[in-house]
Amino acid sequence: MSKLINLLTEGADCNDPISITEYEKAGGFAALKKAASCTPEEIIAEVKKAKLLGRGGAAYPSGSKWEHLLHITETPKYIVCNADEGEPGTFKDRFIMEKLPLKLLEGIIIAGLVFRAKAGYIYVRGEYRKIQKQLIAAIENLHAAGYLGRNIAGSGLDFDIHIVSGAGAYVCGENSALLNSTEGKAGRPRIKPPHLAEVGLFLQPTLVNNVESLTNIPQIVNMGGDTYLQKGHPDSGGSKLVCLSGHCVNRGVFEIPLGKVSLRELIYDPQLGGGIANGGKLKFFHLGGQSGPIGSIDQLDTVYSYTDLKKAGLSVGSGAIVVMDENISIIEYLKSVTEFFIHESCGKCVPCREGNHQLLKILKKLSIPGEATAGDLDNLRRVANTMTGAAFCGLGQTAAASLSSAWKLFRAEFEANIAAKVAGRTT
Ligand SMILES: Cc1cc2nc3c(=O)[nH]c(=O)nc-3n(C[C@H](O)[C@H](O)[C@H](O)COP(=O)(O)O)c2cc1C
Ligand code: SF4
């Protein structure tokens, strides 16, 4: 039986992804027309029934987020789509924006209708230049067809969507830094509360959702929340786009139903990862991007769902799965992860700005025989815990997640080069 599903990716093979005629022929905008004849409460009820969890990484229930914003009376409201996609190993939003831009835009327009929003913004990763151009062209087509502009879909609402380009900072994917950057300010996180639903873009009530989350909205409206839920896991409906990369045979974006495929199948099934390249052996996999946990072969039978992964100390995160073979040293791998976070730390708070440097310093010592002491290992874990507990935003709070999980799985590798253990040396 196929482990793949084409719930969200249906239509991804269209030759002209920004043609309104082609999209309509394939059933496009049926959801928007249906939404225009529903109350906001009815649409939100379907999103809640679908148990759609935010696909940007934090897995916050979209239905509750939408309900919260609906209850806020202040206007104008804004819709912001997070297309920053800075998480290494993650390229599924790129896939959606390349292949299914009109489905994403339909999802944003439906959100605009629900909240009677003034405008929508898509904050697109700076490196995705071609995608930005394609989205601008798609928006022009939508204007010409009457789906954007004045009185959209006969609803009485005037609504437009603007494209904002990021400039290559990972922290700008954090929702409050993203709003600051959209406003033209430095891309640094805001203190929360106030929640962005209350004080968001231009200090107005704002919905921030990931590309994949919003692209799921048309199909939830079309098929209803209950049907969507049944396609996935009882706690989180529908499908997930996963990004396989690293040492597996097949690399790319795959759509799987949530709760029906194990990690083993994801990595080894011929339709999915296809096993380890060059006849190699799996050593570990890194889930959800650089900010996610590392897992080992003992966890391969865990089912890929938000609930099952969490129980196993793992997480879905962005959907990235970086597969590493037995030739990779865990210390060298963690050094490169930490270098990434040093590069991307915005410098606003001490635990992240300084903590990442301290982690790298100790990891470098651990990679040289006889250089580090048992005290360094204690410090490594102390710094990691402090960062997790005290950093200002999600970047610093999760920067040591891979290290903390790897410590439990590969302790011998951390200890191998400790001075007392190296033959002929004492501390
Ligand atoms: C450092 C950092 C980077 C992030 N990068 C992204 C990103 O590139 N794309 C994204 O959708 N969410 C990203 N997030 C999560 C967002 O803050 C937010 O949770 C998400 O956009 C909400 O949308 P969702 O509920 O649909 O997932 C990031 C969070 C942090 C802390
Ligand atoms: S944790 Fe602190 S220094 Fe790191 S990115 Fe967030 S605000 Fe900036």
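The values are calculated or read from the model by the stated rules, or taken from the named source; none is laboratory data. Every value quoted in this text rests on a predicted model; they were computed, and no experiment measured them. Because the Cβ atoms are built from the backbone with ideal geometry, glycine has one as well, and the counts that use them run over all protein chains shown.
Selection of helices (runs of 4 or more DSSP H) fully inside the stretch 249-358 by the criterion of at least 3 residues being more than 18 Å from residue 411 (Cα to Cα) and touching a strand residue (DSSP E or B) at 6+ places or on another chain (Cβ under 8 Å) returns 263-268, 306-311.
Filtering the stretch 169-179 for residues that are within 15 Å of ligand 1 (Cβ to nearest atom), in a loop (DSSP other than H, G, I, E, B) and surrounded by fewer than 19 Cβ atoms within 10 Å (Cβ to Cβ) leaves an empty set. Close Cβ contacts (under 7 Å, 6 or more residues apart or on different chains) running from residues in the stretch 162-176 that are farther than 15 Å from residue 397 by Cα and within 11 Å of ligand 2 (Cβ to nearest atom) to residues that are among the basic types (Lys, Arg) and not in a helix (DSSP H, G or I) comprise 176/190; 176/192.
If only residues of the stretch 255-313 that are surrounded by 21 or more Cβ atoms within 10 Å (Cβ to Cβ) and of a type in the set (Phe, Trp, Tyr) are counted, the one that is farthest from residue 1 (Cα to Cα) is 284. Looking at residue 74, is it on the phi > 0 side of the Ramachandran plot, assigned to a loop (DSSP other than H, G, I, E, B), of a type in the set (D, E, K, R) and away from ligand 2 (no atom under 16 Å from the Cβ)? No, not satisfied. Looking across the stretch 374-414, the residues that are more than 16 Å from ligand 1 (Cβ to nearest atom), surrounded by 15 or more Cβ atoms within 10 Å (Cβ to Cβ) and either among the charged types (D, E, K, R) or not in a helix (DSSP H, G or I) (or both) come down to 376, 381, 410, 413. For the stretch 41-69, the set of residues classified as among the acidic types (Asp, Glu) and out of contact with any Leu (no Cβ under 9 Å at 6 or more places or on another chain) consists of 42, 46, 67, listed by residue number. Figure legend. Inter-residue proximity from the stretch 367-395: first residues farther than 30 Å from residue 175 by Cα and modelled with pLDDT of 95 or more, second residues within 16 Å of ligand 2 (Cβ to nearest atom) and in a helix (DSSP H, G or I), beta-carbon distance below 8 Å, spacing 6+ or different chains. Indicated pairs: 379/358. Selection of the stretch 1-32 for residues being part of a loop (DSSP other than H, G, I, E, B) and basic (Lys, Arg) yields only 3. Flag: residue 96 matches the condition of being more than 11 Å from ligand 1 (Cβ to nearest atom), surrounded by 23 or more Cβ atoms within 10 Å (Cβ to Cβ), part of a helix (DSSP H, G or I) and at pLDDT 95 or above.
It is to be established whether one or more residues within the stretch 397-407 are touching a strand residue (DSSP E or B) at 6+ places or on another chain (Cβ under 8 Å), of a type in the set (S, T, N, Q) and under 19 Å from residue 294 (Cα atoms). Yes, because at least one residue in the stretch 397-407 is touching a strand residue (DSSP E or B) at 6+ places or on another chain (Cβ under 8 Å), of a type in the set (S, T, N, Q) and under 19 Å from residue 294 (Cα atoms). Within the option set 3, 77, being modelled with pLDDT under 95, in contact with a helix residue (DSSP H, G or I) (Cβ under 8 Å, 6 or more places away or on another chain) and not acidic (Asp, Glu) holds for one residue only, 3.
Going residue by residue through the stretch 181-199, is there one that turns out to be in contact with a strand residue (DSSP E or B) (Cβ under 6 Å, 6 or more places away or on another chain), of a type outside the set (Val, Ile, Thr), over 19 Å from residue 60 (Cβ atoms) and more than 14 Å from ligand 1 (Cβ to nearest atom)? No, the conditions are met nowhere in the stretch 181-199.
Looking across the stretch 211-244, the residues that are assigned to a strand (DSSP E or B) and touching a Pro at 6+ places or on another chain (Cβ under 9 Å) come down to 233, 236, 239, 240.
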